[in-house]
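Each reported figure results from applying straightforward, stated rules to the coordinates on display, with no laboratory input. As the structure is a prediction and not an experimental result, all values here were calculated from the model. Heads up, the Cβs are rebuilt from the backbone with ideal geometry, glycines too, and the neighbour counts pull from every protein chain shown.
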Amino acid sequence: MWKLKVLILILVVYGSSDAFFFDRATTSPLKNVHGAHECDGKTYDDDLYVCCNYELYEKNPHSKCCYGEMIDTRLHFCVFGKFAKPSSNCNGNYYDEESQFCCAGKIHDIDDDWKCCSGVLYNTNMHTCTFYGNVVLKNS
């Protein structure tokens with residue numbers, strides 16, 4: 001009985017031409033539905049599926065569409081349109097390891113003049129990092 005009340009409420013709120021119902025097994029529209037989504041011409045239920053690069057994937061708590069590619073969020077992160085590894089975490093922020101690095105909890109752009117030594121950012125023109133991880137002045 002409650003399903004009938006919900007159906008009537010949906011029809012009253014949205015109008016009969018806007019109400020939708022899905023066959024959750026096939027995701028084919030059974031009636032004209034409010035809030036339906038389309039993926040490359042296929043109607044789908046976004047509670048069950050994700051559209052990524054015009055393809056449907058079953059929703060999974062560990063999956064995400066990252067710029068047109070489905071990724072496993074337990075293994076990768078989506079950063080700047082690329083997949084980042086969990087090691088690309090700098091103080092809670094993820095970064096692109098190809099163009100950035102983390103030092104002292106901050107993200108820096110890769111630059112030949114700047115490096116990180118045991119968590120200390122230093123200028124390679126003036127300093128060097130010792131075998132023991134200490135930053136020292138270069139010999140003049």
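How far apart, in nm, are two points set 7 Å out from the Cα along the Cα-to-Cβ line at Glu69 and at Lys138?
3.7
Can you return the aspartates and glutamates within cross-link range of Lys59? Criterion is Cα-Cα under 12 Å, with same-chain partners fewer than 8 residues away left out.
Straight-line reach from Lys59, under 12 Å: Asp45, Asp46, Asp47, Asp72.
Can you put Ser99, Ser88, Ser118, Ser63 in order of Cβ neighbours within 10 angstrom, beginning with the fewest?
Ranking Ser99, Ser88, Ser118, Ser63 by Cβ neighbours within 10 Å, fewest first, gives Ser99, Ser118, Ser63, Ser88.
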